[in-house]
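**Student:** This is the structure I want to talk about, given as structure tokens.
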Amino acid sequence: MDHPYFQSLIMTPPLAIPSKSPRIVATSLSPSSPQTLHDRLRKRDSTLAIRQPKVLHPVDNDDLKLLILENISQDAVRVFQAQGFHVDHYKKALSEDELIDKIPQYHAIGIRSKTKITERVIKAASKLLVIGCFCIGTNQVDLVTASKAGIPVFNSPFSNSRSVAELVVSEMIALSRQLVERSHEMRQGIWNKQSKGCWEVRGKTLGIVGYGHIGSQLSVLAEALGMRVIFYDVINIMPLGSARQVDILPTLLAEADFVTLHVPELPETINMIGTKELAQMKVGSYLINNARGRVVDIPALIEALQSNHLAGAAIDVYPQEPGSNGAPFDDQVNAWSSTLRSLPNVILTPHIGGSTEEAQRMIGEEVSLALSRYLNYGSTFGAVNFPEVDLRAITAEQGNHVRVCYVHSNQPGVLKQVNEVLSPYNVEKQYSDSKGDVAYLLADIADVSPQDVDKLREMIKHTSANILTRLLA
């Protein structure tokens, strides 16, 4: 129930039940209908909602400007534009200096994995309210600095899971049948039909490191191919199907014919597969990394491939990656690039694990919804670096209501100060939570006159722990 869509269902206002039951007409969708489940559910919500949520706006009436980079889905751009936001859309990533030059004029930014939101960028972003990562990972953002600046960061932890899982399945089959080598030979005009060293994946053991959204989906797909699945994770997880969890990583490495990595980049996962771990893998096994570039020690992997200890590998992510399409992937990017490119039975792809039309559309929907809910309603549900706070929507029928969005340092006495400011008014609902050094409060205030709005905002902004104060009305 932590998906942003289901949270929106929770917040849907109660229905007014008519005195007479309406006639129910059964409809059906043909298998060829272009509508997705998301489309049908969204249409259902729009027809059922009797009391539509009121779209709130900043009281200072500053037009919100969004900077969208890295060729993020046009569906997301259209979502923002439909709400009246000004959107500047670029196909490529921007360097740190380029961002520092551009970002002071924007209230929100959407990125994928190549753009780096550093401390310098955040300090230059004087108007920035929110960051959207249109991908799973958020290690390209300085999350600590963002939270201290009152900027929540949202990502898409679910939407490309299937695409990555399917890529792994295709890589296992391609590696075990040496498809890349045979295809390359045919393109050179060489006919080389052989079966030596080529295997079915049926009956082989797949070892999954990290049994999260991707790993668990992959587990089901692999079993459907007749594979035996084992997995290692730092927490105990109920397996799907006949998969089995192992207690330690060396056990998995010793048993698996294919080892695939699905872990975040953390201090404890950097180079988690190095010389020692590669030596623990079975002779003739395969390594697949579609997780993060620094999870594998690539020079050690090259040695394991050159010595024929491993029969092949598939790599989709790298410690350093080119900033745009068409840029060279050479030794200036990573010192070992040319050596890795020369090895047989190694599949190299340019970070395309989630690059499908379906995944990008769903990511665009998920992250654009999260950003819109924050900008319009102050909701931080799903933020990775921020207290998760939400309130049910103010309806259009409600009069002069103001929503206070107050980011502050997590210290004693703050709520007392805020409630003293709010004491002359009717506080209809209020919710506060904290995460580390940062706390966030939402409060809906009834019957606030237009003359009092600016006064109220200034009084809250001048509380001792204030980081960022927004009033929406």
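The values are calculated or read from the model by the stated rules, or taken from the named source; none is laboratory data. These figures come from a predicted structure and were not determined experimentally. Quick reminder, even Gly has a Cβ in these numbers, built from the backbone with ideal geometry, and neighbours come from all protein chains shown. Each accessible area value is taken on the protein alone, full model and side chains, heavy atoms only, with ligands, DNA and RNA left out. Shrake-Rupley method; radii C 1.70, N 1.55, O 1.52, S 1.80 Å.
**Student:** List the pairs whose first member sits in segment 372-390 and is in contact (Cβ under 8 Å) with a residue 12 or more places away in the chain and among the acidic types (Asp, Glu), whose second member is part of a loop (DSSP other than H, G, I, E, B) and open to solvent by 10 Å² or more (accessible area, probe 1.4 Å), and whose Cβ atoms are under 6 Å apart, counting only residues at least 6 apart or on separate chains?
**Tutor:** Within 6 Å, the pairs are 388/381; 390/381.
**Student:** Quick check on residue 424: is it within 34 Å of the chain's Cα centre (by Cα), in a loop (DSSP other than H, G, I, E, B) and surrounded by fewer than 20 Cβ atoms within 10 Å (Cβ to Cβ)? Step through it out loud before you land on a result.
**Tutor:** Details: within 34 Å of the chain's Cα centre (by Cα): no; in a loop (DSSP other than H, G, I, E, B): yes; surrounded by fewer than 20 Cβ atoms within 10 Å (Cβ to Cβ): yes.
It is false that residue 424 is within 34 Å of the chain's Cα centre (by Cα), in a loop (DSSP other than H, G, I, E, B) and surrounded by fewer than 20 Cβ atoms within 10 Å (Cβ to Cβ).
**Student:** A follow-up question, please. Looking at 188, 178, can you tell me which residue is open to solvent by 40 Å² or more (accessible area, probe 1.4 Å) and either more than 25 Å from residue 468 (Cβ to Cβ) or in contact with a Leu (Cβ under 7 Å, 6 or more places away or on another chain) (or both)?
**Tutor:** Answer to the selection: 188.
**Student:** If only one of 461, 455, 416, 429 is in contact with an Asp or Glu (Cβ under 6 Å, 6 or more places away or on another chain) and surrounded by fewer than 17 Cβ atoms within 10 Å (Cβ to Cβ), which one is it? Step through it out loud before you land on a result.
**Tutor:** Values: 461 fails: in contact with an Asp or Glu (Cβ under 6 Å, 6 or more places away or on another chain); 455 fails: in contact with an Asp or Glu (Cβ under 6 Å, 6 or more places away or on another chain); 416 fails: in contact with an Asp or Glu (Cβ under 6 Å, 6 or more places away or on another chain).
So the residue among 461, 455, 416, 429 that is in contact with an Asp or Glu (Cβ under 6 Å, 6 or more places away or on another chain) and surrounded by fewer than 17 Cβ atoms within 10 Å (Cβ to Cβ) is 429.
**Student:** Within segment 129-140, how many residues turn out to be more than 12 Å from the chain's Cα centre (by Cα) and open to solvent by 10 Å² or more (accessible area, probe 1.4 Å)?
**Tutor:** The total comes to 1.
**Student:** Residue 404 - would you say it is at pLDDT 90 or above and touching a helix residue (DSSP H, G or I) at 6+ places or on another chain (Cβ under 6 Å)?
**Tutor:** No.
**Student:** The conditions are (1) touching a His at 6+ places or on another chain (Cβ under 9 Å); (2) at pLDDT below 95; (3) aliphatic (A, V, I, L, M), and residue 317 fails exactly one of them. Which is it?
**Tutor:** Every condition holds for residue 317 apart from (2).
**Student:** Scan 432, 372 and give me the residue that is within 30 Å of the chain's Cα centre (by Cα), more than 18 Å from residue 154 (Cα to Cα), outside any loop (DSSP other than H, G, I, E, B) and of a type in the set (S, T, N, Q).
**Tutor:** 432
**Student:** Suppose the filter is at pLDDT 95 or above, of a type in the set (S, T, N, Q) and either within 17 Å of residue 288 (Cβ to Cβ) or under 27 Å from the mean Cα position of the chain (by Cα) (or both); does residue 349 pass it?
**Tutor:** yes
**Student:** Turning to a different aspect of this structure: Suppose we filter 312, 274, 323 for residues that are farther than 23 Å from residue 174 by Cα, open to solvent by less than 10 Å² (accessible area, probe 1.4 Å) and of a type outside the set (Val, Ile, Thr); which single one remains?
**Tutor:** 274
**Student:** For a quick check of your reading of the model, give me the residue pairs whose first member lies in segment 230-241 and is more than 10 Å from residue 216 (Cβ to Cβ), whose second is modelled with pLDDT of 95 or more and surrounded by fewer than 16 Cβ atoms within 10 Å (Cβ to Cβ), with beta-carbon atoms closer than 6 Å and at least 6 apart or on different chains.
**Tutor:** Qualifying pairs under 6 Å: 230/244.
**Student:** Is it the case that residue 94 is over 30 Å from residue 410 (Cα atoms), over 17 Å from the mean Cα position of the chain (by Cα), modelled with pLDDT of 95 or more and open to solvent by 10 Å² or more (accessible area, probe 1.4 Å)?
**Tutor:** no
**Student:** Run residue 389 past the list (1) surrounded by fewer than 18 Cβ atoms within 10 Å (Cβ to Cβ); (2) closer than 16 Å to residue 444 by Cβ; (3) under 21 Å from the mean Cα position of the chain (by Cα) and report the number of the one that doesn't hold.
**Tutor:** Of the numbered conditions (1) surrounded by fewer than 18 Cβ atoms within 10 Å (Cβ to Cβ); (2) closer than 16 Å to residue 444 by Cβ; (3) under 21 Å from the mean Cα position of the chain (by Cα), the odd one out for residue 389 is (1).
**Student:** Check whether at least one residue in segment 328-345 is in contact (Cβ under 8 Å) with a residue 12 or more places away in the chain, open to solvent by 40 Å² or more (accessible area, probe 1.4 Å), touching a Lys or Arg at 6+ places or on another chain (Cβ under 7 Å) and farther than 30 Å from residue 77 by Cα, and report yes or no.
**Tutor:** no
**Student:** Another one. State all residues of segment 436-452 that are surrounded by fewer than 17 Cβ atoms within 10 Å (Cβ to Cβ) and either within 22 Å of residue 374 (Cβ to Cβ) or among the hydroxyl-bearing types (Ser, Thr, Tyr) (or both); if no residue qualifies, say none.
**Tutor:** 436, 437, 449, listed by residue number.
**Student:** Moving to a separate point now. Hey, can you tell me all the residues within segment 168-193 that are in contact with a helix residue (DSSP H, G or I) (Cβ under 7 Å, 6 or more places away or on another chain) and touching a residue at least 24 places away in the same chain (Cβ under 8 Å)?
**Tutor:** At the first step, the residues of segment 168-193 found to be in contact with a helix residue (DSSP H, G or I) (Cβ under 7 Å, 6 or more places away or on another chain) are 168-169, 174, 180, 192.
Once the filter is applied, which keeps residues that are in contact with a helix residue (DSSP H, G or I) (Cβ under 7 Å, 6 or more places away or on another chain) and touching a residue at least 24 places away in the same chain (Cβ under 8 Å), segment 168-193 yields 168, 169, 174, 180.
**Student:** Which residue pairs have Cβ atoms under 9 Å apart, sit 6 or more places apart or on different chains, and have a first residue in segment 259-270 that is more than 18 Å from residue 216 (Cβ to Cβ) and a second that is aromatic (Phe, Trp, Tyr) and surrounded by fewer than 22 Cβ atoms within 10 Å (Cβ to Cβ)?
**Tutor:** Cβ pairs passing all conditions: none.
**Student:** Scan segment 101-114 for residues that are open to solvent by less than 40 Å² (accessible area, probe 1.4 Å) and either in contact with a Lys or Arg (Cβ under 8 Å, 6 or more places away or on another chain) or at pLDDT 95 or above (or both) and jot them down.
**Tutor:** 103, 106, 107, 108, 109, 110, 111
**Student:** Which of the helices (runs of 4 or more DSSP H) contained wholly in segment 94-205 include at least 1 residues that are within 30 Å of residue 313 (Cβ to Cβ) and among the aliphatic types (A, V, I, L, M)?
**Tutor:** Filter on segment 94-205 gives 161-176, 179-187.
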